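Input: a single structure, listed below in structure tokens.
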């Protein structure tokens, strides 16, 4: 068995502190979530607790299918109901299994990314004249064009679903950046909005060329710097270098603007119809290629859309682990006990993150630890936590926005609606750890992930 250090449930957190999902009460008398709302995309999670997670492994096929059905129906206007006829026959373990399966689900397109070798071949075929293609190459090219057409249909369907308040939020994940679109009522805003996690001067120039309005709230002085400004600055720097002079004014500004490229400070925000719809058109018609390799952005959503694939996070119950406790530094007392672990793989979206915490608070007696993983690719989403589109004057306005604009249309529970309606930004940080304790308090570590070998150092 593996050895893991014991975690003290009373230890203080270096990050923000929050209550459990079941703590507090809202205007309607229902529970108000207190977990930090983290919009970054996690690639995995590991939960550890003294109570066993065996119930996640020994799920019956009937419970799994019922949980999947509940997930699909909950986002199409159907309310979640208890088993009126089953009554006593339906055990608590069966209910937990259904809720667990429901928390694992999400929608995605494309279902699988192109292999890197195929992406490179497609880039070559796209540049060749059609009359020079072999039969096999023509078939591959037709497959690529059909895939691009399917992606365009999927993106259009998802975008209009969001605008018409059938989808609360969705992600467009490219190799260079990630875009988060949010519907009215989400993040405390009464309008649709979008945030692009990180940008470059070239991307900002392209947006300005298309007359798409955007803001750069973390670096507003650099938002309108164009390629012409950069070229003039480079020429000025060369002249100053030859003359042995340095004004340190314009060239310093341009240099700083370049240094923030592809960092959270370069995040862009889009509000209103012209900004959000302009970004949609820009992304829809953009050519996605890098180093000669073609690739299609990944669309991730909690609700269905055209050409989407229903996917599930992979759950792996690892069984019992050896937990070492006692006074380790002085080696006077060493206690051995058992802990249990549950590992999840896949893109963990905010709705799954909330539902999992809510469920495990009940099944693990409010005593569990969680560690979240962020890969090099999803690390680009940390800028999404810097944006606050709405500015509600009170907590009741957030609750009202969630109820009136969110829960009724999105098929979510009131607790999840209020959670997604939170307008508090956590800044250029990402949730890495949470610790739930018996007194219904959850300590949350919010840190800026440091990427090492493709995985954040936790």
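Nothing in this text is a laboratory measurement; each read-out follows from the coordinates by a stated rule. Quick caveat, the model's predicted, so the values are computed rather than measured. Neighbour counts are summed over all protein chains in view; Cβ atoms, including those assigned to glycine, are modelled from backbone coordinates with ideal geometry.
Points worth noting:
- Proxy reagent accessibility, fewest Cβ within 10 Å first, across 386, 167: 386, 167
- Exposure proxy order (Cβ contacts within 10 Å, fewest to most) of 209, 140: 209, 140
- Additional length obtainable on full extension of the chain from residue 306 to residue 200, 0.36 nm per residue less Cα span: 35.0 nm
- Computed extension length for residue 112-residue 149: 11.7 nm, one decimal, from 0.36 nm per residue of separation with the Cα-Cα distance subtracted.
- Modelled label positions at residue 93 and residue 338, each set 7 Å beyond Cα in the direction of Cβ, lie 1.5 nm from each other.
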